[in-house]
1. Helix B:438-450: angle to the longest alpha-carbon principal axis of chain B, degrees 0 to 90, nearest 10?
2. Report the extension gain between B:D206 and B:A410 in nm, rounded to one decimal, defined as 0.36 nm multiplied by the number of residues separating them, less their alpha carbon distance.
3. Restricting things to alpha carbons, find the Rg to Rh ratio for the range B:393-545 using the Kirkwood radius for Rh.
4. Suppose R0 equals 60 Å. What FRET efficiency, 1/(1 + (r/R0)^6) with r the Cβ-Cβ distance, do B:H160 and A:W72 give to the nearest 0.05?
5. Quick check for me: using +1 on Lys/Arg Cβ and -1 on Asp/Glu Cβ, what's the dipole size of the range B:287-528 about its Cα centre, in debye to the nearest 20?
6. Along Cα→Cβ, 7 Å out, is where each label goes; now give me the distance between the ones at B:E366 and B:S25 in nm to one decimal.
7. Work out how far the C-alpha atoms of chain B reach from end to end along every principal axis, then list the three figures in whole Å, largest first.
8. To two decimal places, what compactness ratio does the protein assembly as shown give when its Cα radius of gyration is scaled by 2.2 N^0.38 Å?
Amino acid sequence: MSELSPPTGGGADAPAPDPVQQMASQSPWRQAARRFGGDGKALLACALVVLIALMAIVGPTVSPFHYDTLDWQHLAAPPGLHSSHWLGTDRLGRDLFVRTLYGVRISLLIGLLATAVSVVIGLAWGSIAGYAGGRTDDLMMRFVDVLYALPYLFLVIIFATFFGRGNLVGLFLVIGAVGWLTTARIVRGQTLALKRREFIEAARATGVGTPGILWRHVIPNLVGPVALYATLTIPDMILFESFLSFLGLGVQEPLASLGSLINDGAHEMQSASWMLLAPALVLSVLLLCFNLIGDGLRDALDPSTSVAPRPAQVRRRPARPRVDPPASEP
Amino acid sequence: MPALVHTSDAPVLRLENLHVDFDTSRGRVAAVRGISLSVKPGECLGVVGESGAGKSQAFLAAMGLLAPNGTASGRATFGTTELIGRTPAELDRVRGLKVGMVFQDPMTSLTPHIHVGDQIAEPLVMHVGVTWREARLRALALLRRTRVTDPERRMKQYPHELSGGMRQRVMLAIALACEPTLLIADEPTTALDVTVQAQILALLADLKRERAMSMVLITHDLGVVAGLANEVAVMREGQIVEQGEAGAILKSPRHPYTRQLIEAMPRIDAPAAEIAPAADTAQAPPLSVSDLSVNFGVRKGLVSRAKLRAVDGVSFELRSGEALGIVGESGCGKSTLARAALRLIRATSGRVVWMGRSIERLSAHELRPMRRELQIVFQDPLASLEPRMTVAQILAEPLRIHQRKLTAAARDAEVLEMLRHVGLTPDLLERYPHELSGGQCQRVGIARAMVLKPRVLVCDEPVSALDVSVQKQVVDLLIALKRETGMSILFVSHNLAVVKQLCERVLVLYLGRVMELAPSAELFVRPLHPYTRELLSAVPVADPEVQPARFARSVAGEPPSPLDPPSGCVFRTRCPHAIERCRDQVPPLEQAGDHRQVACHRWREL
């Protein structure tokens, strides 16, 4: 462009001092992080999750008991600080504090890994189907529909027999394999919407190839909604694992997950309520925290749902004040 | 509430030292900073300003319709009633009943799931207390009054079944239902086509005369104000910079900002500023299209599919170094034509030739290296930029793809050079699109398209989302770039005045067919096709002496559905000169003079 001289039509567009212009540059990610940082509930939930996770990692190693040590002196002992079993013991005299923390380990691990599996498969499957469109899209999504139509318990039982009951890797795969279907659908829907956006068209007009468009333009714009969906999936996965363990299809004795502990506790509910309460309380707190984090993420990633309007932008045709016509007012 | 008694010229609405502030995450933003205005009975006040001037917010505040984080202070008096600080219940006795409001986007202002007739009847039931039966009868009369075609059928239709113009008429009917003393129209025609805009403005002028109603017309377009307003207030950054009698302000503006606004508005009735340099006809055209058609399948019921002919047998040649304008109303297929020419959409039939090479048999892969010669600039400047990339990354992307051998340093230098060239400063390089103004975004969009030095730049409504003064800067930039690089421009626009400034030739499209193709020097002086004439006369002119007369000439009707185009000449249903023959025979595109083509049976006689 060196042969060109600056055009005459140049100069500043907006004589108005725009408050946005004077701020340091912020990427959409930084903005989202800033909004998330301002959300007290979500931060508290994050702190709690981290605390519980740390306890689950450190707790069992410092405790004198093992998750499968039987203490014959204290069978079904109630909780209390006077004994060495803070949360009491179960019928076999195993320390419930250690077992609950072990349960958290396994539940969190399954929740995170199964979510990761479902996000990776779902993101790839959904974005390719959505961007390719046409027959490819039809075939890929019909495949998803067929899997959806199979009763998932049936799938789980098949996988469980295939991998052997209580195989943890098998459990991740099973839960992930069921979870990615919804992710794929969400991702495909988002991709379809993105595909029609003008900046994608601009990239095509520039001559960016399909992998380049997917990798540089589609997927980065999907990360927001997918991350949000993933945080809301983790509690689902934990719950699903608990459910499987409750049915006896998940983690096998003597290992424990929160679900199997709740199952054991439920049998003793009448005589020894602590066996149910401890794991149930931890599970509830974890689920609540993940949901709060998810809420915070949604608000941070999608500020359009919050009330503050953006400062004046020089745009006219789209977007108007959010007011109803006088007629529709009560 | 005390009865509203007007003495002869006590103002209907008076704003005194009105302030509007918004609490945002970045602190308090003042949108309106102490304005004072008054609307006299039976008169129209035009409030003019660019986006962000606070013109809408001032009147929303007066009506108690601010967003929850907005606060208003000062005084707004309607008749003898103070409006600021009232509860919604008290305001409801004024809103809708005494004051009607019409907003820019009639689609989002109407409730999607309620029959149009019931939406008009609702304020009557709410405010006047008539029965639904009675209210529906009055609604029908209102639809007739706002000149809605086929009003009986419309009563039972939903908003999405109506065209934009019809929806805006319905909004007007709702606003007028309770015979208000004041009508506030906020950009009522901005989202509409020029032809429909002319119809709505003529209707507003009629209503104002007939009902002796006061009116506030909020707009960015001085042409819209010219024919209607008695007084004009020009706003900028929340303040009124100039206020007075409409004729005086438009004819001899005193404030430099008003002058700048008027100068930025291209005049359709002004003589062409300069004769454009003759396009180079010797060289092979970089883009040519022959007999191009694009059909879309539209699902109709469960199995059957209807064929929508978006573009129907269009041929043109874009010569080297020329700017060709494609104009027409929305839905006429102009954007589809531009996209098909770039093969962003597959054409159904016809030939597209890029730099002498026919492209319809080439695969997407083979096409990619050729794409650098043909670039596109989009309408919505923000939506066309990747939100997660900085300006530097956006501008570097085309270079990364087409000039892989370029070193990072050379690439940066090139990006910087291009940025300067479109009139932006280097400190914007690390900004994200959402941190730029609309005009800056569009300059980045142009820079991205120009960074590969293409031979053809396709501009799809590049200025219609921008403010008038920014529009002028962007058009000037395009003119300058074209002169310096010798590239060709395919300029798609519904704004004839802008096309006139930029283009050497103009192609007029209607329902996917070419109506007229002519050099702009001739087209704007002596249009041959009746449709071209209608289009030209619909463009408002910011001159209170000329504009009222132009209302009288506005065209009736709206384009028919492209799913079911009329037989013969597609324009015949709206053409004032249609004869028997127009229904039976499709008029061929005939040569009319050396460089002109026109598709009309009667162009010779008219």
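1. With both axes taken from Cα atoms, the answer is about 10 degrees.
2. Extending this stretch completely gives an extra 67.2 nm.
3. Working: Rg = 18.1 Å, Rh = 17.4 Å.
Over the Cα atoms of the range B:393-545, Rg/Rh equals 1.04.
4. With a Förster radius of 60 Å, E is 0.20.
5. On the way: 34 positive and 25 negative charges, 191 e Å.
In debye, rounded to 20, the range B:287-528 gives about 920.
6. Taking the simple label geometry, B:E366 and B:S25 are separated by 5.0 nm.
7. Result, largest extent first: 77, 64, 53 Å.
8. For the protein assembly as shown, the normalised Cα radius of gyration is 1.11.
Quick note: the coordinates plus some simple rules give every number you see, no bench work behind them. Not measured: the values here are computed from a predicted model. In this analysis, Cβ positions are derived from the backbone assuming ideal geometry, glycine residues included, and neighbour counts consider all displayed protein chains.
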